[in-house]
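These notes concern the structure reproduced below.
The values are calculated or read from the model by the stated rules, or taken from the named source; none is laboratory data. Every value quoted in this text rests on a predicted model; they were computed, and no experiment measured them. No Cβ is skipped: glycine too gets one built from the backbone with ideal geometry, and neighbour counts run over all protein chains shown. Each accessible area value is taken on the protein alone, full model and side chains, heavy atoms only, with ligands, DNA and RNA left out. Shrake-Rupley method; radii C 1.70, N 1.55, O 1.52, S 1.80 Å.
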Amino acid sequence: MKYADVVIVGGGPAGLAAAVRLYDMGIRDILILEREHSLGGILRQCIHDGFGLTRFGVSLSGPEYASRFIGEVEKRQIPYITDTTVIEITRDKLVTAAGEAGLLQVQAKAVILTMGCRERTRGALAIPGTRPAGVMTAGVAQAYINLQNRMIGKEVVILGSGDIGMIMARRLTLEGAHVIAVFEVMPVASGLPRNIEQCLNDYGIPLYLSHTVTDIKGTDRLESVTISQVDDHMQPIPGTEKEYACDTLILSVGLIPENELTLGAGASLDDHTKGALVDEFYQSDIPGIFAAGNVLHVHDLVDFVSMEAEALAEGAAAYVREGSLPECLVSVTAGDNVGHALPQKVSGERDFLLSLRPRRPMQDVRLKVSQGENIILERKMKKVLPAEMIQLKIRKEKLSREGSITVSISQ
Amino acid sequence: MQREFTCIVCPNGCRITADYEKKEDGSLIIRSVEGQTCRRGEEYVRQELTDPRRTIASSAAVKGGEMPLCSVRLTAPVPKKEIFRVMEAIREITMEAPVEEGTVILSNVLGYDADLIATRTVHKA
Ligand SMILES: Cc1cc2nc3c(=O)[nH]c(=O)nc-3n(C[C@H](O)[C@H](O)[C@H](O)COP(=O)(O)OP(=O)(O)OC[C@H]3O[C@@H](n4cnc5c(N)ncnc54)[C@H](O)[C@@H]3O)c2cc1C
């Protein structure tokens, strides 16, 4: 068995940023374990640009953004092992991984969870019809085209208006495929407005809201999909069916944090984020187990993932040194029109970064953070969208150690 | 004339409304630009009205590498109507591994002030 101060599970942008910050704070006995053959996480296949605007002030592609962090890890010679999948983490922070050399066990003082998320699949959606080839998630399509140089089809329908689906609509068009349309079951798009503009509108790809796939036909290969309009309860409206001949259906219907290991360690998850319940140190309810990035809550911007992981590193470093962190007993809850708020627990004694997502698109709103009668922060906002995470710095001067904090949005 | 824009410069995606007039000689008078939250929004609208431009990211073939292709991007935007011509030019490229991240693969693509660079390193197989 090996020992390490900190084991980092997952070498994507969150894991890499945490490693570099820990190292720079003097915690040097670190080990990064990564399932894939190289570091970088999902960014390796995101070859479009638009990454790093906040952090570096330039628009980089995913591989370039990742490479800046991989470079920092290499420069510090922080140890990492690739082609190695963590299969179990115990409450006592014994980490078991399976790799080419067999089983690896590491007893850690602290464990950092940065496993990212996975895509919702057809199974999670229960689309009826046959099971032909040609139906895949947007991320799988992205990996085929951008990593393996395999074109996936000629006539494409996209279900779901997530950012990845829209980015793939553009990518497929550039590669010579015909993208018939993007269909979204909700009355609003789930991706960013700029992606509707630069990935769909630029190429004349229509976006139909309140529509979904109600049938799939094809024996070996996909031959057609049937699309229906849906009502206010997202139920298909009979008589609105329309059949589209196509050989490919791409699903871009959301991401789910990958938390089997987290649950296995005994940590509690939040029903809304589907990630661990954490305090202001990004520590789960198991002392010494921390989480950041997409495994904690789905982010739209990698810049915020890196920042979150760096904030986590400060808490993890203190934990390794002191053996424990200050208690966090003040709960933070999502109030009116707020989908989720994070962290779920704070001490009330330190500044913290509050992340939240609105439940629905709204205009000219007032965002309020309060603790009992006490208003901690109030902000007017022109528009809020579920596609855009909101982050607010909360100052300790305004906080008390009693009473829960509520975040709400009102008109 | 009034036109609505979604700014694509940053993830905020501001909704911007521009009131403008196109003169017969082709010149443009912009009366007002509203809704942007930074100066880049106004520049974006001006550019969209006169000469819309986009950057392109794709990948190009590599021979003898650990993978069959290398991701690439333009260092500056080119006119929107040239996107597919740039894609043609990218499709004609075949590089030999190794390829170093940041290498200029084509300079002044189609005569524009934009280079095509490799956005990752591809080692020899
Ligand atoms: C397809 C796609 C397109 C995106 N486009 C943009 C964009 O245009 N702009 C932008 O700013 N952001 C974008 N994002 C978001 C951004 O890429 C993510 O927020 C960011 O990559 C999340 O980083 P992460 O480290 O949390 O997760 P990931 O990048 O997913 O990394 C997680 C890592 O953990 C590893 N792992 C998982 N389980 C295990 C295990 N059991 N053992 C060992 N290793 C494990 C995985 O292999 C992976 O390398 C996009 C995301 C996706 C999915």
Thinking of segment A:121-253 as a set of Cα atoms, what percent of all their pairs are more than 20 Å apart? 39 percent
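Return the percentage of antiparallel bridges among DSSP beta bridges fully within segment B:57-118, rounded to the nearest 5 %. Intermediate values should be presented prior to the final figure.
Values: 10 of 13 bridges.
Antiparallel: roughly 75 percent of the beta bridges in segment B:57-118.
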Over 30 Å (Cα to Cα) among A:K242/A:K382; A:K2/A:K393; A:K274/A:K393; A:K393/B:K80; A:K75/A:K109 -> A:K242/A:K382; A:K2/A:K393; A:K393/B:K80
Computed E for A:D232/B:K22 - FRET, C-beta separation, R0 56 angstrom, nearest 0.05: 0.85
Report the relative contact order of segment A:121-253, percent, no decimals, based on alpha-carbon pairs under 8 angstrom and at least 6 residues apart. 33 percent
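Wrap a convex hull around the Cα atoms of segment B:2-50, take a quarter of its surface area, and give that in square nanometres.
If you wrap the Cα atoms of segment B:2-50 in a convex hull and average its projections, you get 3.0 nm².
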Over segment A:1-147, relative contact order from alpha-carbon pairs under 8 Å, at least 6 apart, %: 30 percent
DSSP bridge orientation in chain A - percent antiparallel, rounded to nearest 5: 60 percent
Using only Cα atoms, locate the centre of segment A:72-118 and the centre of segment A:349-411, then give the distance between them in Å, rounded to an integer. 35 Å
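For A:E327 and A:D83, what is the calculated FRET efficiency with R₀ set at 30 Å and r taken between the beta-carbons, to the nearest 0.05? Intermediate results must be reported in sequence, preceding the final value.
On the way: r = 40 Å, r/R0 = 1.32.
For A:E327 and A:D83, the calculated efficiency is 0.15.
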As an exercise, identify the GluC sites (Glu not before Pro) in segment A:197-304 lying in DSSP coil whose Cβ has no more than 13 other Cβ atoms within 10 Å. A:E241
Can you list, largest first and rounded to whole Å, the semi-axes you get for chain A by taking the square root of 5 times each eigenvalue of its Cα gyration tensor? 37, 28, 19
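Based on the Cβ-Cβ distance from A:R28 to A:M151, what FRET efficiency comes out when R0 is 51 Å, to the nearest 0.05? All intermediate terms of the calculation are to be shown ahead of the outcome.
Values: r = 46 Å, r/R0 = 0.90.
Computed FRET efficiency for A:R28 and A:M151 comes out at 0.65.
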Relative contact order (%) - criterion: Cα under 8 Å, at least six apart; region: chain A: 15 percent
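Kirkwood hydrodynamic radius for chain B: how many Å is it when counted over pairs of different Cα atoms?
Taking every pair of different Cα atoms in chain B, averaging 1/r and inverting gives 16.6 Å.
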Which number do you get for Rg(Cα) / (2.2 N^0.38 Å) in segment A:329-411? 1.01
Counting only residues 5 or more places away or on other chains, whose amide H sits under 5 Å from the amide H of A:A133 once H atoms are built in the peptide plane? A:R221, A:L222
Calculate how steeply helix B:39-50 sits against the longest principal axis of the alpha-carbon atoms of chain B, using the helix alpha-carbon long axis, and give the answer as 0 to 90 degrees to the nearest 10. 90 degrees
In degrees from 0 to 90, rounded to the nearest 10, what is the angle of the helix A:13-24 Cα long axis to the longest principal axis of chain A? 20 degrees
Average accessible surface area per residue within the protein assembly as shown, 1.4 Å rolling probe, Å²: 45 Å²
Using a 1.4 Å probe on the heavy atoms of the protein chains only, list every residue of segment A:165-207 that has 50 Å² or more less accessible area in the complete assembly than in its chain alone. A:L174, A:R194, A:E197, A:D202
Spacing of the two label points (7 Å from each Cα toward its C-beta) at B:Y112 and A:Q107, in nm: 6.0 nm
